[in-house]
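Student: The structure under discussion is supplied below as structure tokens; questions concerning it will follow.
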2 protein chains.
Amino acid sequence: MDGRNLIGHQYSALADDILNSFSPAMQTVLQGDFPIATKEEIDQAFALATQATRQYRRVSGAAKAKFLRQIAEEIMALGDVLIERARQESALPEGRLKGERGRTVNQLRLFADLVEEGSWVEAVIDQAIPDRKPFPRADIRRMSVSIGPVVVFTASNFPLAFSTAGGDTASALAAGNPVIVKAHESHLGTNALVAAAIQQAAQKTGMPEGVFSSLNGTGPELGQALVRHPQAKAIAFTGSYRAGKAIFDSANQRPEPIPVFAEMGSINPVLLLPQALQERGTAVAQQYAQSVTLGVGQFCTNPGLLIAQDGPELTTFTQALTESISAIAPATMLNQGICDNYQKNRQQLLDLAEVSLEANVALAEKGTGQATVASVTAATFLQQPSLQEEVFGPFTLLVKCKDQAEMTAVVEALQGQLTATVIAEEGELQTRVDLLDALQERVGRVLLNGVPTGVEVSPAMHHGGPFPATSNARFTSVGTGAIQRFVRPLTLQNWSADLLPPELQDANPLGIWRMVNGQWGKE
Amino acid sequence: MDGRNLIGHQYSALADDILNSFSPAMQTVLQGDFPIATKEEIDQAFALATQATRQYRRVSGAAKAKFLRQIAEEIMALGDVLIERARQESALPEGRLKGERGRTVNQLRLFADLVEEGSWVEAVIDQAIPDRKPFPRADIRRMSVSIGPVVVFTASNFPLAFSTAGGDTASALAAGNPVIVKAHESHLGTNALVAAAIQQAAQKTGMPEGVFSSLNGTGPELGQALVRHPQAKAIAFTGSYRAGKAIFDSANQRPEPIPVFAEMGSINPVLLLPQALQERGTAVAQQYAQSVTLGVGQFCTNPGLLIAQDGPELTTFTQALTESISAIAPATMLNQGICDNYQKNRQQLLDLAEVSLEANVALAEKGTGQATVASVTAATFLQQPSLQEEVFGPFTLLVKCKDQAEMTAVVEALQGQLTATVIAEEGELQTRVDLLDALQERVGRVLLNGVPTGVEVSPAMHHGGPFPATSNARFTSVGTGAIQRFVRPLTLQNWSADLLPPELQDANPLGIWRMVNGQWGKE
């Protein structure tokens, strides 16, 4: 493992300042020095990336697919070394990390398939109509094209699947853009291993140098330098609201504003309707306890808010939830900063006179997060918007409504969310269309009778809710649709046939789906 | 014509302050009082629009199509009254306005066809795979949904096609969103007539009240109040960079930032390659003169920059251009503000020592704009970025390059543009791939051997270039793609079959194109 900055095909360490990563479980500094990227190194990475942009946009879908699949191969070839380093740096268990690695290589292969097939560029052709009255129609052809260097912020909670070679990098590379990754301070070694794998794959498949670089540094310094760099063309981020909003603001205040796709905080409300509460409250409580504590609650889709009607059934439900939660041992959180924030935010909420503690797993060791259920009345929740702030970790707030109208009022007061879940019996929804309407207006994904954790990587997935859940509700960061974040349409009018890209040639040599003169087809 | 604010189905005039419109050709105040919208009236329009959102999103594509076609009918039924008022307010000739009305009603019908057909929602269905290992796949279905009240700023230069019932309104309504229009101070009467037509159509086709409102006021006051209103969900704007950037900044600084689709300034460079210059310079000069002066140069796609290699052929070309331009009589501009700005910006440029006046049509009357050709060397152009600022009107700047390398350097220095045009002979482009690459990276549409004015309304059109040409290069404001600005994806997971919208039902009752389990089709 080489901890230096990886700029194109070269390692670089111009600064004396180094970062180290830390084991949250062992509470020790881990082996490996990671020199911070200097301004000169940042400029060099962007210069190479900008230079690579023009060559890389000419690389065929088939060749990009080979590159992406080779990245997957190289990651798998790292074997247990990668899993062990990620485990040390994140305190996530081996099984989870192996699963996450599977998700990561599957994502790379999914985008490989997508660009190999080729229809994702949304080619549209309007052929010329020279004899149209009063004016002839010119030949007009449009497709999606790449935009240039994309900055990817790696995420603390997914050291593999939302990091160095995660969904953001995979989709940006698939779309034809060079990527500059900001390594996460919590998993610098994992990043170094995966960055080397990407670089190896780029060299083996003949990609232009600069198609990928990886830099070390802190969020406020390196992060802001990357966002403000004149050659950056888009930003992908997964993390806290505070950091995401700071990036969004910086990017919009640039002389040339650039798009930011930031997935920020979400409390992913779960609505428990009366009949379901009555008929299967205990089963729901057990399933819910698992979802709240999965990965020590460190998922963007963690259910942080449970909304239900008060009464004897809710008391029984809460008892079952308390029991289930209490049986789950506290586990080490991703890093000390996240753990400290969890303890602080959790305590701040519990200190409020109106908030009751329902279930609390005793704290075991330094660095761990105890699962917690608290509750408030709907009236309080409606009065205090700060109760909607995410407590990142295994925490959930139960909002007790006195009736169904109050339940709707709570939903109408919610901020934008990634997901919402409705737990209901068959036939129970049909009379609550008002509630479903209010919910759908506030989220990117609604689920019936499930848990929000576990985000399928598939064409129909949408992982992107209204602000503040994300900075751009139009785009998803999970699933094949994620590629659309890193392209823009380009129209060629009256273009020379021999200069048209294959996607727009009359003969459709790639055999992709296109709209020609208003008709979809592969002709 | 009723000049009051139109809020839902009611007229309202709470303020004493009124606006009037002015005839730039006659230099007189026109008949009609237009009371400024008060805060109360703005709130009322948003309250109605928000209320209408939920009802209107349930309106079928077929019913929305009826509404849009009825708007077209009502506009045509206004007959000459509309054309005459628009002529008085804009000084645009009758023929042009009739053409623009045709474009306006065609756009409404185009979006009617689009939503009636229905595939535009991009439905994607991943059916459940209960026996998948290691985890089952849930049933996941996605489609585009409306976002809520859209604020439309009407444009000075298209009193019909980019105004009250123009492309922004048509696409926002087609997407299922209520629209609140800010009337343009230059054509308040035209706006009042068209707003009444929309309101009539809404009532006749049974649309919810609040699906459309029209308010009078000034840009800085009413405009900013609309952008900052908590219930506004998106902004559409066509106009100057200064106004567009102010809107963009305000929208991003809101507690809940909202998307702005602002089409701002563009100088639409035209590259004249040597062989074409040599072989058909005179013909190109004549065509170019027509494009520069079309509509007194008041088009967003007006060619404001001509880039060519210096030499005897360019001298001949410039003489031909000068002759053609001099033959075109100056005409009245859209309003006094635009005319004053034109004179000021034009003079400021001509006052620079390095800028030469090549052709100048003598100024005839107050309120008119004289066609002007100026020139600079490429060296000067490269040193002074301010030479890229748009001079809105019949103005073009010729950049004289000493060789082809300097021509590429000029293109590499260009800001984002709506369009770029290349004038070249067959075979001349194949050796200039560097130039084409540089051009394509900077624009939303490139044309070969044509003029940028005249933007086809069709599926393949992309009217949206990199910043500062627009605030969002991912979306078009012309053509069917414009509807995508006003929707976001929503995913329904494990949803109840009887609650699925028709677009996502297994039986595909609307017969739309969908992707089901990764395959496109209408099954």
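The values are calculated or read from the model by the stated rules, or taken from the named source; none is laboratory data. Please read all numbers here as calculations on a predicted model, not as lab measurements. No Cβ is skipped: glycine too gets one built from the backbone with ideal geometry, and neighbour counts run over all protein chains shown. Accessible surface areas use protein heavy atoms only, side chains included; no ligands, DNA or RNA. Shrake-Rupley method; radii C 1.70, N 1.55, O 1.52, S 1.80 Å.
Student: When you check residue A:464 against the structure, is it assigned to a loop (DSSP other than H, G, I, E, B), open to solvent by 10 Å² or more (accessible area, probe 1.4 Å) and either modelled with pLDDT of 95 or more or facing chain B (nearest Cβ under 10 Å) (or both), yes or no? Steps first, answer last, please.
Tutor: Working: assigned to a loop (DSSP other than H, G, I, E, B): yes; open to solvent by 10 Å² or more (accessible area, probe 1.4 Å): no; either modelled with pLDDT of 95 or more or facing chain B (nearest Cβ under 10 Å) (or both): yes.
No.
Student: Which residues, counting only those in the range A:362-377, are within 18 Å of residue A:305 (Cα to Cα) and of a type in the set (D, E, K, R)?
Tutor: Scanning the range A:362-377 gives no hits.
Student: Then there's this: Going by what's in this entry, would residue A:141 be described as within 14 Å of another protein chain (Cβ to nearest Cβ) and either touching a Cys at 6+ places or on another chain (Cβ under 8 Å) or within 14 Å of residue A:191 (Cα to Cα) (or both)?
Tutor: For residue A:141, the condition - within 14 Å of another protein chain (Cβ to nearest Cβ) and either touching a Cys at 6+ places or on another chain (Cβ under 8 Å) or within 14 Å of residue A:191 (Cα to Cα) (or both) - is not met.
Student: Of everything in the range A:485-500, what is in a helix (DSSP H, G or I), touching a helix residue (DSSP H, G or I) at 6+ places or on another chain (Cβ under 9 Å) and at the interface with chain B (Cβ under 8 Å from one of its Cβ atoms)? Give them in sequence order. I'd like the intermediate steps shown before the answer.
Tutor: Looking only at the range A:485-500, we keep the residues that are in a helix (DSSP H, G or I), and these are A:485-486, A:497-499.
Retained after the next criterion (residues that are touching a helix residue (DSSP H, G or I) at 6+ places or on another chain (Cβ under 9 Å)): A:485-486, A:499.
A:499, the sole residue that qualifies.
Student: Which residues, taken from the range A:437-456, are farther than 22 Å from residue B:230 by Cα and either without any contact (Cβ under 8 Å) to a residue 24 or more places away in the chain or part of a helix (DSSP H, G or I) (or both)?
Tutor: A:456
Student: Examine the range A:457-473 for a residue that is free of Cβ contacts under 8 Å to residues at least 12 places away in the same chain, at negative phi and out of contact with any Asp or Glu (no Cβ under 7 Å at 6 or more places or on another chain), and state whether such a residue exists.
Tutor: Let us first name the residues in the range A:457-473 that are free of Cβ contacts under 8 Å to residues at least 12 places away in the same chain, namely none.
Looking through the range A:457-473, none of the residues is free of Cβ contacts under 8 Å to residues at least 12 places away in the same chain, at negative phi and out of contact with any Asp or Glu (no Cβ under 7 Å at 6 or more places or on another chain).
Student: Taking the criterion of being at negative phi, of a type in the set (Val, Ile, Thr) and facing another protein chain (nearest Cβ under 8 Å), would at least one residue in the range A:501-520 satisfy it? Working first, answer last.
Tutor: So in the range A:501-520, the residues at negative phi come out as A:501-507, A:509-510, A:512-516, A:519-520.
If we keep only those that are of a type in the set (Val, Ile, Thr) too, we end up with A:512, A:516.
With facing another protein chain (nearest Cβ under 8 Å) added as a condition, the list becomes none.
No, there is no match, as no residue in the range A:501-520 is at negative phi, of a type in the set (Val, Ile, Thr) and facing another protein chain (nearest Cβ under 8 Å).
Student: Continuing with this model, one more query. Identify the single condition in (1) within 27 Å of residue A:424 (Cα to Cα); (2) over 32 Å from the mean Cα position of the chain (by Cα); (3) open to solvent by less than 40 Å² (accessible area, probe 1.4 Å); (4) not charged (D, E, K, R) that residue B:521 does not satisfy, given that it satisfies every other one.
Tutor: In the conditions (1) within 27 Å of residue A:424 (Cα to Cα); (2) over 32 Å from the mean Cα position of the chain (by Cα); (3) open to solvent by less than 40 Å² (accessible area, probe 1.4 Å); (4) not charged (D, E, K, R), residue B:521 misses (1) alone.
Residues are listed down the side, and each one gets a yes or a no for (1) touching an Asp or Glu at 6+ places or on another chain (Cβ under 8 Å); (2) open to solvent by 40 Å² or more (accessible area, probe 1.4 Å):
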| residue | (1), (2) |
| --- | --- |
| A:369 | no, no |
| A:378 | yes, no |
| A:388 | no, no |
| A:395 | no, no |
| A:403 | no, yes |
| A:410 | no, no |
| A:414 | no, no |
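Student: Something else about it: Residue under question is residue B:46, and the condition is that it be closer than 19 Å to residue B:217 by Cα, part of a helix (DSSP H, G or I) and open to solvent by less than 70 Å² (accessible area, probe 1.4 Å); does it hold?
Tutor: Against the criterion (closer than 19 Å to residue B:217 by Cα, part of a helix (DSSP H, G or I) and open to solvent by less than 70 Å² (accessible area, probe 1.4 Å)), residue B:46 qualifies.
Student: State whether the residues of the range B:311-318 include one that is free of Cβ contacts under 8 Å to residues at least 60 places away in the same chain, among the aliphatic types (A, V, I, L, M) and closer than 20 Å to residue B:439 by Cβ.
Tutor: no
Student: Looking only at the range B:439-456, which residues are modelled with pLDDT of 95 or more and not polar (S, T, N, Q)?
Tutor: Once the filter is applied, which keeps residues that are modelled with pLDDT of 95 or more and not polar (S, T, N, Q), the range B:439-456 yields B:439, B:441, B:442, B:443, B:444, B:445, B:446, B:447, B:448.
Student: Exactly one of (1) open to solvent by 30 Å² or more (accessible area, probe 1.4 Å); (2) at the interface with chain A (Cβ under 10 Å from one of its Cβ atoms) is unmet by residue B:102. Its number?
Tutor: (1)
Student: To continue, here is another question. Out of curiosity, is residue B:506 open to solvent by 30 Å² or more (accessible area, probe 1.4 Å), modelled with pLDDT of 95 or more, acidic (Asp, Glu) and closer than 28 Å to residue A:454 by Cα?
Tutor: Yes; evaluated as a whole, the condition is true for this residue.
Student: Evaluate the following for residue A:412: is it modelled with pLDDT of 95 or more and within 14 Å of chain B (Cβ to nearest Cβ)? Show your work before the answer.
Tutor: Values: modelled with pLDDT of 95 or more: yes; within 14 Å of chain B (Cβ to nearest Cβ): yes.
Spelling it out, residue A:412 is indeed modelled with pLDDT of 95 or more and within 14 Å of chain B (Cβ to nearest Cβ).
Student: If you don't mind, there's one more thing I want to ask. Within the range B:437-453, restricting attention to residues that are facing another protein chain (nearest Cβ under 7 Å) and open to solvent by 10 Å² or more (accessible area, probe 1.4 Å), which residue is farthest from residue B:99 (Cα to Cα)?
Tutor: My answer is B:437.
Student: Within the bounds of the range A:234-244, is there any residue that is within 14 Å of chain B (Cβ to nearest Cβ) and open to solvent by 10 Å² or more (accessible area, probe 1.4 Å)?
Tutor: There is at least one residue in the range A:234-244 that is within 14 Å of chain B (Cβ to nearest Cβ) and open to solvent by 10 Å² or more (accessible area, probe 1.4 Å).
Student: For residue A:374, are the conditions met, namely being open to solvent by less than 20 Å² (accessible area, probe 1.4 Å), touching a residue at least 24 places away in the same chain (Cβ under 8 Å) and not β-branched (Val, Ile, Thr)?
Tutor: Numbers: open to solvent by less than 20 Å² (accessible area, probe 1.4 Å): yes; touching a residue at least 24 places away in the same chain (Cβ under 8 Å): yes; not β-branched (Val, Ile, Thr): yes.
The answer is yes for residue A:374.
Student: Any idea how many residues of the range A:142-171 are more than 29 Å from residue A:297 (Cα to Cα) and open to solvent by less than 10 Å² (accessible area, probe 1.4 Å)?
Tutor: Qualifying residue count for the region: 3.
Student: Among the listed residues B:28, B:38, identify the single one that is of a type in the set (S, T, N, Q), more than 14 Å from chain A (Cβ to nearest Cβ) and crowded, with 18+ Cβ neighbours inside 10 Å.
Tutor: Values: B:28 fails: crowded, with 18+ Cβ neighbours inside 10 Å.
Every option except B:38 fails the conditions.
Student: What number of residues within the range A:155-200 are in a loop (DSSP other than H, G, I, E, B) and either touching an Asp or Glu at 6+ places or on another chain (Cβ under 7 Å) or touching a residue at least 60 places away in the same chain (Cβ under 8 Å) (or both)?
Tutor: We begin by selecting, within the range A:155-200, every residue in a loop (DSSP other than H, G, I, E, B); these are A:155-166, A:175-178, A:183-187.
Retained after the next criterion (residues that are either touching an Asp or Glu at 6+ places or on another chain (Cβ under 7 Å) or touching a residue at least 60 places away in the same chain (Cβ under 8 Å) (or both)): A:155-162, A:165-166, A:175-178, A:183, A:185-187.
Qualifying residue count for the region: 18.
Student: A further question follows. Out of curiosity, is residue B:62 part of a loop (DSSP other than H, G, I, E, B) and open to solvent by 10 Å² or more (accessible area, probe 1.4 Å)? Spell out how you get there, then give the answer.
Tutor: Numbers: part of a loop (DSSP other than H, G, I, E, B): no; open to solvent by 10 Å² or more (accessible area, probe 1.4 Å): yes.
Considered against the rule, which asks whether it is part of a loop (DSSP other than H, G, I, E, B) and open to solvent by 10 Å² or more (accessible area, probe 1.4 Å), residue B:62 comes out as no.
Student: For residue A:126, state whether it is out of contact with any Asp or Glu (no Cβ under 9 Å at 6 or more places or on another chain) and either of a type in the set (D, E, K, R) or farther than 23 Å from residue A:296 by Cα (or both).
Tutor: The answer is no for residue A:126.
Student: For the range A:70-89, indicate whether the set of residues that are within 14 Å of chain B (Cβ to nearest Cβ), open to solvent by 30 Å² or more (accessible area, probe 1.4 Å), out of contact with any Leu (no Cβ under 6 Å at 6 or more places or on another chain) and of a type in the set (Asp, Glu) is non-empty.
Tutor: No, the range A:70-89 contains no residue that is within 14 Å of chain B (Cβ to nearest Cβ), open to solvent by 30 Å² or more (accessible area, probe 1.4 Å), out of contact with any Leu (no Cβ under 6 Å at 6 or more places or on another chain) and of a type in the set (Asp, Glu).
Student: Tell me, which strands (runs of 3 or more DSSP E) lie completely within the range B:249-340 with 2 or more residues that are farther than 25 Å from residue B:169 by Cα and open to solvent by less than 10 Å² (accessible area, probe 1.4 Å)?
Tutor: Ranges flagged: B:270-272, B:305-309.
Student: How many residues, within the range B:117-138, are of a type outside the set (S, T, N, Q), touching a residue at least 40 places away in the same chain (Cβ under 8 Å) and either more than 13 Å from chain A (Cβ to nearest Cβ) or not in a helix (DSSP H, G or I) (or both)?
Tutor: 8
Student: Scan the range A:21-43 and report the pairs whose first residue is more than 30 Å from residue A:229 (Cα to Cα) and whose second residue is in a loop (DSSP other than H, G, I, E, B), with Cβ atoms within less than 6 Å and a gap of 6+ or a chain change.
Tutor: So the pair list comes out as A:23/A:30; A:24/A:91; A:24/A:335; A:24/A:367; A:25/A:91; A:29/A:20; A:30/A:21.
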